[in-house]
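Any read-out appearing in this document is the output of simple, stated calculations on the displayed coordinates, not a laboratory observation. Owing to the predicted nature of the structure, the values given are computational and were not obtained by experimental measurement. A quick note on method: Cβ atoms are made from the backbone with ideal geometry, for glycine too, and the neighbour counts reach across all protein chains shown.
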Amino acid sequence: MKYKQQAFTLVELIMVILLLGILSVSVVPKMFTQSDVEYITVRDLVVAQLRLAQIKAMNQTTICTRVKFSSSHVGIEQNVGASCGSAPDESVGVNLGDVSVTMVGAALPFYITFDGQGRGVLAQTGQCSPCQIEISGSGIENIVIESQGYIHAL
């Protein structure tokens, strides 16, 4: 009794691998665009900037520590004394790209200052209890600064 062995030919295997390669290069990037995750990345970077400013304010109580939110950049001001107002270094911080940042009750640019106990204070209103910052891209993410100073993303 003879068994006939059947399998794919080398040409058929190469054609399947070639078609999978073409599909992976052309179709998959359209399914997962960068803007789908960009706003989440910006949210995490803004939370990191806020926490860094908070730690600086608690450790250096004689220096004004505040975060500036503009339409294109979020960064910590490079102040050297108790008065605020120096411009943040644009090379340091978060460049927003296609993502927008807003806060209820505050127009851009807005500033969040931290006191010596790590509590956030919105410069325009003088209070931050709680402050809610909205990050908008292809979706919406929120950052909340509680009245006690706890910073977290929703």
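Mind checking which of Thr41, Thr62, Met15 is farthest towards the positive end of the chain's charge dipole, using Cβ charges of +1 (Lys, Arg) and -1 (Asp, Glu) about the Cα centre?
With unit charges placed on the Cβ atoms, the residue in question is Met15.
Arrange Lys2, Lys56 by Cβ neighbour counts within 10 Å, fewest through most, would you?
Lys2, Lys56
Taking the beta-carbon count within 10 Å as an exposure proxy, list Val37, Val67 from fewest neighbours to most.
Ranking Val37, Val67 by Cβ neighbours within 10 Å, fewest first, gives Val37, Val67.
Using a cut-off of 10 Å between beta-carbons, work out the net charge of the residues near Val42 (Lys and Arg +1, Asp and Glu -1, Val42 not included).
Charge balance in the 10 Å sphere: -3.
Could you work out the helix-only [θ] at 222 nm for the chain, with each DSSP H run of four or more residues adding -39,500 (n - 2.57) and the total divided by the number of residues, to the nearest 500 deg cm²/dmol?
Numbers: 3 runs with 46 residues, N = 154.
Using -39500 (n - 2.57) per qualifying helix, the result is -10000 deg cm²/dmol.
What's the longest bit of the chain with no exposed chymotrypsin sites (Phe, Trp or Tyr not before Pro), using DSSP loop states and at most 14 other Cβ atoms within 10 Å as the test?
That gives 33-149 as the longest site-free run.
With unit charges on the beta carbon (Lys/Arg positive, Asp/Glu negative), name the residue among Gln117, Gly139, Gly81 whose Cα is farthest towards the positive pole of the charge dipole of the stretch 77-154.
Projecting each Cα onto the dipole axis, the largest value belongs to Gln117.
Starting from the amide H of Gln124, placed 1.01 Å from N in the peptide plane, find each other amide H under 5 Å away whose residue is 5 or more places distant or on another chain.
Tyr111
Under a 5 Å amide H to amide H cut-off, with H placed in plane at 1.01 Å, what residues pair with Cys64 once short-range neighbours are removed?
Result for Cys64 returns Gly81, Ala82, Ser83.
Could you tell me which label, among (1) 15.0; (2) 8.5; (3) 13.0, carries the value of mean projected area of the Cα convex hull in nm² calculated for this structure?
Working out mean projected area of the Cα convex hull in nm² from the coordinates points to (1).
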